[in-house]
Amino acid sequence: RKGLGAGSTAPWFFEGETVTPIGAAFVNSSVMSSLDIDDGNRAARGHLGAAIVPAASTFGALRNASAETFAHAVLAGCEIGGRLGAAESKPFFASGRWAGVGATVATGICLGFDQDQLANAISLAVHAAPLVAPAGARSAMTGHIKEGVPFGLLSGVTAALLAQEGYRGDPDSVESVGIYD
């Protein structure tokens, strides 16, 4: 809570506690991930929902987004994030990297980004995505870190907020980083 600051947004399961919007999305993602109340995507080998749903619900609520916009944000985030996960040129098994890109998409849609803003946000998210040790290299996959999904959300939402302020990324990021085929 201290690192993300006090604010006016309440995380889902913490009555009376408020943090910044990005803090609430991070807490919600952490809870979903640690309790395993997230989805699975076989092609991408990981989880999207624990990053995308908290991003869409938090930033959709801030903009009073319609149910249609919320659904669009979640579906587009899952589609793009899942395709990136499935396209990893060497399977990595740490879904926080590409689930965070999905969170960027969901956040951008909820904030009303146009196509250019969204493309720029995605380019930032691809480069800012966390690299987490593969599950096979760890003795246990427990706790909040797991596949790094909450940290993917954090980098993804940050990428969208930076893009909203005009921060520019590499327009060729998906092709240039050598992670995705």
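3J(HN,Hα) along segment 18-35, derived from phi through the Karplus expression 6.51 cos²θ - 1.76 cosθ + 1.60 where θ = phi - 60°, amounts to 9, 9, 5, x, 5, x, 5, 4, 5, 4, 4, 5, 4, 5, 4, 5, 5, 8 Hz, with x in place of Gly and Pro.
Once you order the gyration tensor axes a ≥ b ≥ c over the Cα atoms, which shape class does segment 33-85 get: rounded for a/c under 1.5, otherwise prolate or oblate by comparing a/b with b/c? It is oblate, given that a/c is not under 1.5 and a/b is not larger than b/c. Between [x] -0.27, -0.48, -0.57, -0.77; [y] -0.42, -0.69, -0.78, -0.95; [z] -0.34, -0.60, -0.70, -0.92, which matches log10 I(q)/I(0) by the Debye sum over Cα atoms at q = 0.09, 0.12, 0.13, 0.15 Å⁻¹ calculated for the structure shown? Given [x] -0.27, -0.48, -0.57, -0.77; [y] -0.42, -0.69, -0.78, -0.95; [z] -0.34, -0.60, -0.70, -0.92, the structure-derived one carries the label [x]. Taking the dipole about the Cα centre of the chain, with the C-beta of Lys and Arg at +1 and of Asp and Glu at -1, give me whichever of Ser173, Ala87, Thr20 is farthest to the positive side. So the residue furthest toward the plus end is Thr20. Proximity of backbone amide H atoms, modeled 1.01 Å from N, is registered between Gly46 and Asn41 at under 5 Å, excluding neighbours fewer than 5 places apart on the same chain.
How much of the accessible area of the chain, in percent, comes from carbon and sulfur atoms when a 1.4 Å probe is used? With neighbouring chains kept in place, the figure for the chain is 57 percent. Only Cα pairs under 8 Å and 6+ residues apart enter the sum, and on that basis the relative contact order of the chain stands at 24 percent.
Mean separation of Cα pairs under 8 Å and 6 or more residues apart, divided by the residue count, gives segment 1-48 a relative contact order of 24 percent. Highest mean packing comes first when the peptides 37-45, 148-156 are listed by Cβ atoms within 10 Å, giving 148-156, 37-45.
Heavy atoms of the protein chains alone define the surface here; on that basis the chain has 48 Å² accessible area per residue at 1.4 Å probe size. Here's how it looks for Tyr180: its modeled amide H is under 5 Å from those of Ser89, which are all 5 or more places away or on a different chain.
With both labels modelled 7 Å from their Cα along Cα-to-Cβ, the Thr20 to Leu131 distance reads 2.6 nm.
The values are calculated or read from the model by the stated rules, or taken from the named source; none is laboratory data. These figures come from a predicted structure and were not determined experimentally. A quick note on method: Cβ atoms are made from the backbone with ideal geometry, for glycine too, and the neighbour counts reach across all protein chains shown. Heavy atoms of the whole protein, side chains included, go into the accessibility calculation; ligands, DNA and RNA do not. Shrake-Rupley method; radii C 1.70, N 1.55, O 1.52, S 1.80 Å.
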